[in-house]
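The values are calculated or read from the model by the stated rules, or taken from the named source; none is laboratory data. Remember, predicted model here, so these are calculated numbers, not experimental data. With ideal geometry, Cβ positions are generated from the backbone for all residues, glycine too; neighbour counts draw on all protein chains shown. All accessible areas refer to the heavy atoms of the entire protein, side chains included, with ligands and DNA or RNA removed. Shrake-Rupley method; radii C 1.70, N 1.55, O 1.52, S 1.80 Å.
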Amino acid sequence: MPIIERTATVIGATGLVGSNLVKLLIRDDYFNRIRIISRRPLEYNHVKVSVIVIDFLDYKAFKEAISGSDSVFCTVGTTRKKVKGDMSEYRKVDFDIPVFAAKFCSETSCPAFLLVSSVGADINSRNFYLKIKGETESAVIAASIKSLSIFRPSMLLGKRNEVRTVESIAQAITRQLIFLFPEKYKPIQADVLAASMIAFSKKKVPGFHIYHYYDMVNSLNEKSTASE
């Protein structure tokens with residue numbers, strides 16, 4: 001029986017969700033190749049992984065890096081601290097990269113695009129973060145990708161490669177009070193979100209769909225039940 005070649009492309013591999021995503025994809029036999037698109041060189045000593053270093057403003061290189069993908073996972077995100085309060089730079093990461101990635105997915109006939117957004121994303125929100133997430137979702141949906149999955153997690157739990165003291169304290173408190181949160185706003189482990197993204201990438205449900213906490217967790221329960 002011939003081997004089906006499948007390429008998973010990850011944008012945002014150094015972040016909390018993206019790093020977990022790459023680890024899980026390496027162990028997943030469904031994908032033969034893992035392509036990481038990055039602004040800087042990254043070290044991955046694995047036969048399945050290749051890193052393509054580009055300037056995200058070089059749209060020709062960006063499109064070429066997307067071309068040939070079976071599924072594109074976009075987990076990019078920044079913080080005000082990283083961009084030193086420059087909101088135009090913030091927008092280049094949280095809006096421009098996902099939107100152009102979706103555009104190039106459509107133009108190269110990639111069948112599945114999976115985007116990490118945020119619970120409460122709303123194009124009409126007065127909150128800058130939620131507003132830009134809402135704007136990004138709207139622009140990505142307009143790209144008309146065959147199968148578009150948008151994930152709206154609340155607080156992400158897990159160990160980051162960078163130190164975020166306030167977030168670490170918040171995570172510790174949240175873990176003790178998680179039972180008090182309404183379901184949609186429950187914090188989620190980054191590896192659970194990553195695993196859910198992979199599960200939905202295999203389904204390739206036509207159209208665009210928005211997933212919240214229950215959907216993400218339940219997608220893994222369905223996978224577990226199916227394998228029993």
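Annotations
- Check on Phe95, surrounded by 18 or more Cβ atoms within 10 Å (Cβ to Cβ) and either modelled with pLDDT of 95 or more or β-branched (Val, Ile, Thr) (or both): no
- Close pairs (8 angstrom Cβ cut-off, 6 or more residues apart or separate chains): open to solvent by 50 Å² or more (accessible area, probe 1.4 Å) in the range 79-91, part of a loop (DSSP other than H, G, I, E, B) and of a type outside the set (Lys, Arg) anywhere: Glu89/Thr78; Glu89/Val83
- Close Cβ contacts (under 6 Å, 6 or more residues apart or on different chains) running from residues in the range 32-44 that are hydrophobic (A, V, I, L, M, F, W, C) to residues that are part of a loop (DSSP other than H, G, I, E, B) comprise Ile34/Lys48; Ile36/Ala13.
- Within the range 186-207, residues that are open to solvent by less than 40 Å² (accessible area, probe 1.4 Å) have Cβ atoms under 7 Å from residues that are charged (D, E, K, R) in these pairs: Ile198/Asp28; Ala199/Lys223, counting only partners at least 6 apart in sequence or on another chain.
- One residue stands out among those in the range 120-174 that are hydroxyl-bearing (Ser, Thr, Tyr), open to solvent by less than 40 Å² (accessible area, probe 1.4 Å) and not in a loop (DSSP other than H, G, I, E, B): the one that is modelled with the lowest pLDDT, which is Thr174.
- Residue selected from the range 57-78 under the condition at pLDDT 95 or above, buried (at least 19 other Cβ atoms within 10 Å of the Cβ) and among the small types (Gly, Ala, Ser), by the criterion nearest to Ala112 (Cα to Cα): Ser71
- Residue check, Pro187 of a type outside the set (A, V, I, L, M, F, W, C), modelled with pLDDT under 95 and touching a Lys or Arg at 6+ places or on another chain (Cβ under 8 Å): yes
- With respect to the conditions (1) under 30 Å from Lys184 (Cβ atoms); (2) at pLDDT 95 or above; (3) open to solvent by less than 40 Å² (accessible area, probe 1.4 Å); (4) not aliphatic (A, V, I, L, M), Thr108 falls short on a single one, namely (1).
- Residue pairs meeting the criteria (Cβ under 6 Å; at least 6 apart or on separate chains; first over 14 Å from Ile141 (Cα atoms), in the range 104-116; second surrounded by 22 or more Cβ atoms within 10 Å (Cβ to Cβ)): Thr108/Ile66; Cys110/Ser69; Cys110/Val72
- Output for the range 15-42, where each listed residue is open to solvent by 60 Å² or more (accessible area, probe 1.4 Å) and either part of a loop (DSSP other than H, G, I, E, B) or not basic (Lys, Arg) (or both): Asp29, Arg39, Arg40, Pro41
- Some residue of the range 47-64 being among the polar types (S, T, N, Q) and within 15 Å of Gly18 (Cβ to Cβ): no
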